[in-house]
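Undergrad: Pasting a structure below so you can have a look.
The values are calculated or read from the model by the stated rules, or taken from the named source; none is laboratory data. Since the model is a prediction, treat every value here as computed from it, not as a measurement. Every residue, glycine among them, receives a Cβ derived from its backbone with ideal geometry; neighbour counts consider all protein chains shown. The accessibility values were calculated without ligands, DNA or RNA, using every heavy atom of the protein model including side chains. Shrake-Rupley method; radii C 1.70, N 1.55, O 1.52, S 1.80 Å.
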Amino acid sequence: MKNINLTSDNVDGCSPEILQALTVASVGSAAGYGADDWTARAQDSFREVFEKPDLVMWPVITGTAANSLALSALCPPWGSIICQQDSHVMGDEAAAPTVLGGGVQMIPVPGEQAKLSPEDVEAAFSRSSSHGIHRARAAAVTLTQATEFGTVYSLDEIEAVCSVARRLGLAVHMDGARFANAVMATGVSPADMTWRAGVDALSFGATKNGAWAAEAVLFFDPRHADTFGHLLKRTGHLLSKSRFVGAQLEAMLDDGLWLRNAYNANAMAARLAAGLADLPGVELVMPVQVNEVFVRLAPGMADALSASGMGFCPWADLGPDVVRMVCSFATSVEDVDSVVEMVQALSVSLSGVG
C-alpha cells in the first residue's frame, strides 16, 4: 500500500489548474511588484466573489506574512491584538506578528473549541486598558476561520464578536488559512462571513487549498490598505515577479476551483471521521466540521501507524495520544478507506478482539 500523508493539507502538490496557470505566466515579460495583469484580474475576481467593488487585494506567499502584515496594518506598534490562545498567530508563527508589527503585543484568551467569545474579547480589552499608558491597549482582534481545532464560527458568532469589537473601537482581522473549507462547511457567502459581519481584513488562504505558494490579504475598507505596500516592501515581502502569485490566485478563483478543492477536503475528512468513530481505541475529540480530524488513539497505535508509513501530526494541545489527520484537495476515497482499514486492524490487534 502506498504511503498516505495526512500530516497537513500543505503536504500535497498543487492542482493541475494552478500548474497550468504558472506555466502560462512564465512566458514573456510582465510588470513587477503587483502591477501585472494576473494580479489585476485576481483582484477583480476577489471583488466579484466577495461582492465588494472597492476591495483591495495584495498577494503574498506565506500565511505567516499574510496574518502578520495584515495585523500590522490594523494595529499600531504600541498596541495589542486579542486572539484565542490556541490560534495559529499565537502558537505557530514564532512571534511574527510582534516582530513584523514593530513590537505589538498579543493578548491570548481561552475559548471553547478554539473560538473567541464576545465576553472574552470585552474582558481582554478591559484588562489592556486598565493601566492607561502603561499597558499596550488593544487595537484589534483576530478570528481564525476555520479554527486550529477544525471548528467553524457560525455567522451569529462572527457577528457577535465583530459587534463588540466595533463598540470598543477594535479592528477585526480574520485568519482564513482554511477559509474555503469554512465557506463550504457553513454555506455562508464569503461576503456575509466577512465584511458584512464586520471583518476589516482577511488573510485568504490558497496554499493549503491546492495552490503552490499563494495567499492574499484582502482589505474590505480601502483605508486600511493605504500603506500596506510599504509594509510589504520594508519586511521583504514585496515580490518583483508577483505575477506568479497573482496567476495562482486568479486560477484558484476561476470557475470555483477554490470551493471544489475545499469540498473534497471536507468530504474526505467526514468520511474518515465516520470510519474511525466507532473503532475500539479511537476517540474523536473535536467535532469534524472542515477537513481536520482530531482523534485520541490507544497507547501504541500512533507508533504502529507511523511505522507503517502513514503521516499524521501529534497534537499534544488536546491531550496525550491525540493526533491530527488532515485531508486535502488531493485526498482520495481510496486513501481514506486505506487509513480506516489500517486503524481498524490495529484496533482489533491491540484490543485482543478476534
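Undergrad: With +1 on each Lys and Arg Cβ and -1 on each Asp and Glu Cβ, how big is the dipole of the range 259-352 about its Cα centre, in debye rounded to the nearest 20?
TA: 200
Undergrad: Using only alpha carbon positions, build the gyration tensor of the range 259-352, then give the equivalent ellipsoid semi-axes as the square roots of 5 times its eigenvalues, largest first, whole angstrom.
TA: On the way: eigenvalues 90, 41, 27 Å².
Semi-axis lengths for the range 259-352 are 21, 14, 12 Å.
Undergrad: So if I place +1 on the C-beta of Lys and Arg and -1 on the C-beta of Asp and Glu, and nothing else carries charge, what would the dipole magnitude of the range 132-175 be about its Cα centre? I want it in debye, nearest 20.
TA: Numbers: 4 positive and 5 negative charges, 82 e Å.
That gives a dipole near 400 debye.
Undergrad: Which cross-chain or sequence-distant (5 or more) residues have an amide H under 5 Å from the amide H of residue 140, H modelled 1.01 Å from N in plane?
TA: Excluding prolines and chain starts, which carry no amide H, the hits are 80, 82, 171.
Undergrad: While we're here: In whole percent, how big is the carbon plus sulfur part of the accessible area of the chain, probe 1.4 Å, protein atoms only?
TA: Numbers: 7780 of 14670 Å².
In the chain, the share of accessible area belonging to carbon and sulfur is 53 percent.
Undergrad: Another question, then. Taking the Cβ of residue 253 as the center, what net charge do the other residues with Cβ under 11 Å away carry, scoring Lys and Arg +1 and Asp and Glu -1?
TA: On the way: positive: 41, 47; negative: 17, 44, 48, 250, 254, 255.
Residues near residue 253 contribute -4 overall.
Undergrad: Which is farthest toward the positive dipole end of the chain among 281, 154, 123, measuring Cα position about the Cα centre, with Cβ charges +1 (Lys, Arg) and -1 (Asp, Glu)?
TA: Positive-end residue among those listed: 123.
Undergrad: Still on this structure, please answer the following. Which angle from 0 to 90°, rounded to the nearest 10, does the C-alpha axis of helix 37-49 make with the longest principal axis of the chain?
TA: On a 0 to 90 degree scale, this one is about 80.
Undergrad: Could you tally the net charge around residue 170, taking each other residue with its Cβ under 12 Å from the Cβ of residue 170, Lys/Arg +1 and Asp/Glu -1? List each step's numbers first, then the result.
TA: Working: positive: 137, 166, 167; negative: 122, 200.
That sum, taken over residues with Cβ under 12 Å, equals +1.
Undergrad: Let me ask something additional. Along the three principal axes, how long is the range 161-227 when you take its alpha carbons, biggest first, rounded to the nearest angstrom?
TA: 38, 31, 14
Undergrad: Same structure again: Ignoring ligands, DNA and RNA, what accessible area per residue does the chain give at 1.4 Å, in Å²? Show your work: numbers first, answer last.
TA: On the way: 14670 Å² over 354 residues.
Averaged over the residues of the chain, the accessible area is 41 Å².
Undergrad: Now a separate question. Lys/Arg Cβ at +1, Asp/Glu Cβ at -1, dipole of the chain taken about the Cα centre: which of 45, 298, 262 is farthest positive-ward?
TA: Of the options given, the answer is 45.
Undergrad: Taking the Cα centre of each part, how many Å lie between the range 181-203 and the range 91-123?
TA: Taking the Cα centre of each part, the range 181-203 and the range 91-123 sit 20 Å apart.
Undergrad: Just how large is the dipole of the chain about the Cα centre, in debye to the nearest 20, putting +1 at every Lys and Arg Cβ and -1 at every Asp and Glu Cβ? Show your work: numbers first, answer last.
TA: Working: 22 positive and 39 negative charges, 200 e Å.
Result for the chain is approximately 960 debye, rounded to the nearest 20.
Undergrad: Using the Cα centre of the range 68-181 as origin and beta-carbon charges of +1 (Lys, Arg) and -1 (Asp, Glu), tell me which of 144, 169, 83 is placed farthest towards the positive end of the dipole.
TA: Of the options given, the answer is 169.
Undergrad: Please report the relative contact order for the chain, taking Cα pairs under 8 Å with a sequence separation of at least 6, and give it as a percent rounded to a whole number.
TA: On the way: 735 pairs, mean separation 83.4, N = 354.
This gives 24 percent for the chain.
Undergrad: Taking the chain as the reference, fit the longest principal axis to its C-alpha atoms, fit the long axis of helix 243-253 to the helix C-alpha atoms, and give the angle between the two in degrees, 0 to 90, nearest 10.
TA: Taking Cα atoms only, the helix is inclined about 60 degrees.
Undergrad: Give me a comma-separated list of calculated 3J(HN,Hα) values for the range 331-338, in order, Karplus coefficients 6.51, -1.76, 1.60 applied at θ = phi - 60°, integers in Hz, x for any Gly or Pro.
TA: Values per residue, Gly and Pro as x: 5, 10, 4, 4, 4, 4, 5, 5 Hz.
Undergrad: So how compact is the chain: Cα radius of gyration and Dmax in angstrom?
TA: According to the Cα coordinates of the chain, Rg and Dmax are 20.8, 68 Å.
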